[in-house]
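Colleague: For reference, the structure I am asking about is given below.
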Amino acid sequence: MESELSYAQIYRIFKKSGAERVSDEAVKELARFFEVYGEKIARQANELANHAGRKTIKASDVKLAIKNIINIDLDQLK
C-alpha cells in the first residue's frame, strides 16, 4: 500500500528527533502508523462533529478524538 503521506516529511520528523540515518522501512512504518491512526482520529472527529449537529470538524473534535483513541492530551504536550 502506497502512503498518501510524503516520505520526505516523515524522514524530516526522524531527523528533527535527532536521527542520523533512517531506513526506508522505518519511514514507511511511521507513515503507516500516521495513516492508520490518522484515519481513526478523523473518523471519530467527524462523528463528534455530527453528534454536535455540525458538518465542520473543529480542532476541539480532533483533540477529543486523539484523547479518546490514543490517550494523549495535546494541550499537555510542548
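Colleague: Would you tally the residues in region 43-69 being free of Cβ contacts under 8 Å to residues at least 24 places away in the same chain, under 21 Å from L5 (Cβ atoms), of a type outside the set (K, R) and open to solvent by 50 Å² or more (accessible area, probe 1.4 Å)?
Modeller: Residues that pass the stated criteria total 4.
Colleague: Here's something else I'd like to know. Here are some conditions: (1) in a helix (DSSP H, G or I); (2) open to solvent by 60 Å² or more (accessible area, probe 1.4 Å); (3) of a type in the set (V, I, T). I72 meets all but one. Which one does it not meet?
Modeller: It is condition (1) that I72 fails.
Colleague: Now for a separate question. Return the pairs, sorted by first residue and then second, in which the second residue is open to solvent by 60 Å² or more (accessible area, probe 1.4 Å) and in a helix (DSSP H, G or I), the first residue lies in region 5-27 and is closer than 19 Å to E39 by Cβ, the beta carbons are less than 8 Å apart, and the residues are 6+ apart or on different chains.
Modeller: If the second residue must be open to solvent by 60 Å² or more (accessible area, probe 1.4 Å) and in a helix (DSSP H, G or I), the pairs left are L5/F34; Y7/D24; Y7/K28; I10/F34; V27/Y7; V27/Y11.
Colleague: Could you tell me how many of the residues in region 1-42 are small (G, A, S), crowded, with 16+ Cβ neighbours inside 10 Å and more than 20 Å from I70 (Cα to Cα)?
Modeller: Pass one, region 1-42, residues small (G, A, S): 3, 6, 8, 17-19, 23, 26, 31, 38, 42.
Narrowing further to those that are crowded, with 16+ Cβ neighbours inside 10 Å: 31.
Next, from what is left, pick out any that are more than 20 Å from I70 (Cα to Cα): none.
Looking only at that region, the number is 0.
The values are calculated or read from the model by the stated rules, or taken from the named source; none is laboratory data. Note that the structure is predicted; figures quoted are calculated from it, not measured. Cβ sites come from the backbone with ideal geometry, for glycine too, and all protein chains shown count toward neighbours. Ligands, DNA and RNA are excluded from the accessible area calculation, which covers all protein heavy atoms including side chains. Shrake-Rupley method; radii C 1.70, N 1.55, O 1.52, S 1.80 Å.
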